[in-house]
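Chemist: I'd like to ask you about the structure that follows.
The values are calculated or read from the model by the stated rules, or taken from the named source; none is laboratory data. Keep in mind it's a predicted model, so treat the numbers as computed, not measured. Please note: Cβ atoms are built from the backbone with ideal geometry, for glycine as well, and neighbour counts cover all protein chains shown. For the accessible areas, the whole protein counts, side chains as well, though only heavy atoms, and no ligand, DNA or RNA atoms are used. Shrake-Rupley method; radii C 1.70, N 1.55, O 1.52, S 1.80 Å.
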Amino acid sequence: MAGTVRTGGKGTVRRKKKAVHKTSSTDEKKLQTQLKRLGVNTIPGIEEVLLFNEDNTALSFINPKVQASIAANTYVVSGTSQQKSAQEAMAAMFSGTSIQQLMAQMGMQGGLPGMGGAMGGGDEEEEDEDEDDDVPELVGNFDQPE
């Protein structure tokens, strides 16, 4: 027994405690218990998740496990991922849609972030002018008491 707990030769001090190496399964269990405390629910039926980075790259998850807690503003995406360029990810995302469908979707979402004035960005000024026409003109002088 004495030989199994010694770290060196015959004259060395015994170890106080045997080092226990953590496995990834214990980390996974800890993560799952913390997620359970947050009250996350699994969202079924998600085929692909794309996360766009500021350096024009995208992280693509195919058939991921997605969990969400709306109250805690927490979303968990787990699974295997692939690094792609943002252009490649956008082309794959919109490959089956026509230009009319794409423009309609961009109109509903208010355009894509980071596109600047590339697609439909110049129409905002015309809309602002139309909104100004709907406001009635002020009648009378409100600065002087009656």
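Chemist: Could you list all residues from region 50-67 that are buried (at least 17 other Cβ atoms within 10 Å of the Cβ) and either in contact (Cβ under 8 Å) with a residue 60 or more places away in the chain or of a type in the set (A, V, I, L, M, F, W, C) (or both)?
Modeler: Of everything in region 50-67, those that are buried (at least 17 other Cβ atoms within 10 Å of the Cβ) and either in contact (Cβ under 8 Å) with a residue 60 or more places away in the chain or of a type in the set (A, V, I, L, M, F, W, C) (or both) turn out to be 58, 61, 66.
Chemist: Given (1) of a type outside the set (A, V, I, L, M, F, W, C); (2) open to solvent by 70 Å² or more (accessible area, probe 1.4 Å); (3) modelled with pLDDT of 90 or more, identify the lone condition not met by residue 10.
Modeler: Only one criterion is unmet by residue 10, namely (3).
Chemist: Tell me whether region 83-103 contains one or more residues that are surrounded by 13 or more Cβ atoms within 10 Å (Cβ to Cβ), modelled with pLDDT of 90 or more and either part of a helix (DSSP H, G or I) or of a type in the set (Phe, Trp, Tyr) (or both).
Modeler: no
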